[in-house]
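Here's the structure we're looking at; comments come further down.
Just so it is clear, none of the values below were taken in a lab; they were calculated from the coordinates. The model shown is predicted, which means the values in this text are computed figures rather than measured ones. Note that each Cβ is placed from the backbone with ideal geometry, even for glycine, and that neighbours are counted across all protein chains shown.
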Amino acid sequence: MERHTTLWRRLVCVCAPAILSWGLFAAPGAAQQRPLVTEDPETIGSGNILIEAGADYGRDVFYPASGLTGNRLRLPTLGLSIGLSSIAELQFDTGPHTRLSITEREDAPFTNDLEIDGTSTRSFDDTLVGLKMRLVGEGPDRPAFGVRLATRLSTASKSSGLGLATTDFLVQALAAKTTQSTRVVGNVGVAWLGNPVGGEQNTAFLYGASLANAVAPGLEIVGELNGRFDTGETPAPAGTESRSALRAGLRHTHGPGRIDGGIILGLTDNEPGFGFTIGYTYVFHAFAVP
């Protein structure tokens, strides 16, 4: 059943290539993150710590494994990155408290496991632990390259309908290049997704392309297309399907802090039909690496 309107999908399909093309021909942004999720190969620096916090809201989000559709609030979203060296960064994205206001239910693999009273459910979301390394620094005629390894740990409750009780493993290749006032970042990779209904894990192709264009001192317009594509020949196990979303927004940097905000337009049912995100990021030097 289609949950996102044809109008939104047409709008996104038209706008996404236009935004990304503009980034390629527009004319540095620092290693970019919030409100984007496409990973920049640049790290935060030796001995530095980055803390980011925010909130996300999305309408018409579908959870295929539990059959729940609703409006989702994640508050707070918390991330911590630690600069292990000039080229390596350890990342922790702690599972935010998630509340889903249920608007629709349907039969699904986890239906009999749900313990929900009323028209809403809540749980802490899954936690992600990752390691990012810059392999090649950016030069005048070459982009920067890096790699990211990450594991998504099952901390979300299965009985709430918001968790899958599985563990995923991700490997990504990262690239980025700055031209005048615009930074373009690209990711490709593979995810091995745990099968929530038992059986073999599912494999998905990861992709992401983003840009950040400086329009004034400290102010950037940002946008991205990010998601995953199911590579299986049979229908993907519930909860491991293809997913894709377009994000666009603004961020303003002042000293060691940065505030951001953006909108989210889902291309698939398991992403918000429409949503928004706001957040704040702070970076400081915490220790000296021997």
Self-check item: Relative contact order computed over region 148-235 (Cα-Cα under 8 Å; 6+ residues apart), in percent
Solution: 20
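Tell me the Kirkwood hydrodynamic radius of the chain in angstroms, computed as one over the mean inverse distance between distinct C-alpha pairs.
Details: mean 1/r = 0.0510 Å⁻¹.
19.6 Å is the Kirkwood radius here.
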Quiz item: 222 nm [θ] for the chain, helices only, -39500 (n - 2.57) per DSSP H run of 4+, per residue, to 500?
Solution: -2500 deg cm²/dmol
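First select every other residue whose beta carbon is under 11 angstrom from the beta carbon of L80; then total the charges, Lys and Arg +1, Asp and Glu -1.
Details: positive: none; negative: E52, E89, D93.
Local charge sum for L80: -3.
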Quiz item: About its Cα centre, how strong a charge dipole does the chain have in debye, to the nearest 20, once Lys and Arg get +1 and Asp and Glu get -1 at the Cβ?
Solution: 700
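What's the local net charge at V184, with K and R +1, D and E -1, over the other residues with C-beta under 11 Å away? List each step's numbers first, then the result.
Working: positive: K177, R183; negative: D40, E224.
Net charge in that neighbourhood comes out at 0.
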Practice problem: Could you please rank E220, E233, placing first whichever residue has the fewest other Cβ atoms within 10 Å of its Cβ? | Solution: E233, E220
Practice problem: Under 15 Å from the Cβ of R122, count the other residues' Cβ atoms, weight Lys and Arg +1, Asp and Glu -1, and hand me the total. | Solution: -1
